[in-house]
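Worksheet: the structure to be examined is printed underneath.
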Amino acid sequence: MDSSTNPSLITFIYVSMLCATFLATSVFVFFNWKKNLFGKMMSICLILISYGLFTSYNAAQGFFVYLPHLARTGYLVLLTITPLLFLILKKGIPNQSLRLVDFLHFAPTLLYFINYFSFFVLSGQEKIALLTEGGFITFDEGWFFPKYFVVILSLGQIAFYIGLTLYLVVIPSRRSASIGSDERKFIYVFFFYLILLFIPPLTSIYAGISGKFGTSPMVLTYMVSQTIFFLILWGQPEFIYSKKLKSIPNSVQKAETSFTSNQREKLILSPLKLSKELSSQDMKFLIKVLNFFEREKLYLAEDFSQEIICSSLKLSPFQIRKVLKTAYSISFNDFVNYQRIKFLVHMLETSATWRNYTSASLARSIGFKSSNSLYISFKKYLNTTPKEFIDQLKYD
């Protein structure tokens, strides 16, 4: 490949991008790998992105003849990054454990590996021989995938996860008043990064049609977009280091987030008080209901209903509604939500792990269907938001 197809400016951008990528990845892994599931998933993602960019650089510069074992691994990484980004956004931020079924998202990666297994086990010289053939640029040396099927598969996968992320992550985050600005920024950045993943397969299509790769304008676009992506990460030191800027004294941080004594009183969940004296029969019913909520914790399930407690206590829905209305002037649903908030406050006060969960994860953990429902109930009973309450606990 002559020098005209590899302008020095593009080479400089590529090398600068690779250096920034490797540096940002190394720093993030060092500070976050041992912290939680999110740290591990993000570390793996950034490592894969860095490696994918390294293979792209070698492909654009025609270096596969010197490093033949890198060939075909770029798409292996691309097919892995796409579902991994989705799992990070949907499960990584709430710090939840992965389920076995989640690994089905990587089925296309496994299919790709099986299809090109015969290529991966070849010697370096045999791979170089295939690299010089026209079939290599059309992905035609696999076991069962036809020409260009890999490109079509990757485009379809990216489109699928963009739609899934938009529906399950981006739209709910816009509707939720309890999602913080930092979390929302993170979601948007990685959603648009998913869109950028369209560029490599489109570049492959261009290369297959034109027979050129390094001169594709999409290559330069991809390089610049990756550089911007990592600059955004570097612009958020609290994300890279998982802590506040060291230049800000702890005393200043605490002063900025502390509450006055009057505000602190608002963060205390007031106990339910009897609104009137109950009959002996109503008091008996009420004690049964309170003991049930204290003992069973079934109200933490999203599908908890009045029928469950009625069946357990052998009381009618009318009896339960009546005793709660008489005792506390409260509806059954409000009473359930109060118990959920009471449980959440206890967990936040006693468990540092719960304070690291997002509002969406907290909501699911105590039976709310959405973070917005949690936000409304929390605000109702404590006159503050979950985030404000957690911030106060962290700095007390």
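The values are calculated or read from the model by the stated rules, or taken from the named source; none is laboratory data. None of the values given here were measured: they were computed from a predicted structure. Ligands, DNA and RNA are stripped out before the accessible areas are found, and what is left, the full protein with its side chains, is counted by its heavy atoms. Shrake-Rupley method; radii C 1.70, N 1.55, O 1.52, S 1.80 Å.
Details
- The length gained on full extension between L100 and F318, counted as 0.36 nm times the residue separation minus their Cα-Cα distance, comes to 74.2 nm.
- In the stretch 294-396, inverting the average of 1/r over every pair of distinct C-alpha atoms gives 14.5 Å as the Kirkwood radius.
- In this structure, the residue pairs whose Cα-Cα separation is over 19 Å, taken from K273/K380; K284/K322; K185/K369; K273/K387; K284/K325, are K185/K369; K273/K387.
- For the stretch 70-171, the Stokes-Einstein estimate of translational diffusion at 10 °C and a viscosity of 1.306 mPa s comes to 105 µm²/s, using the Kirkwood hydrodynamic radius over alpha-carbon pairs.
- Tail fraction, Cα-Cα pairs, the stretch 337-396, threshold 20 Å, whole percent: 10 percent
- Chain lengthening between Y188 and L393 when straightened (0.36 nm per residue, less Cα-Cα): 71.0 nm
- Here the extension length gained between S305 and F149 equals 51.2 nm, from 0.36 nm per residue of separation less the Cα-Cα distance.
- Rounded to the nearest 10 square angstrom, T385 shows an accessible area of 20 square angstrom against a 1.4 Å probe.
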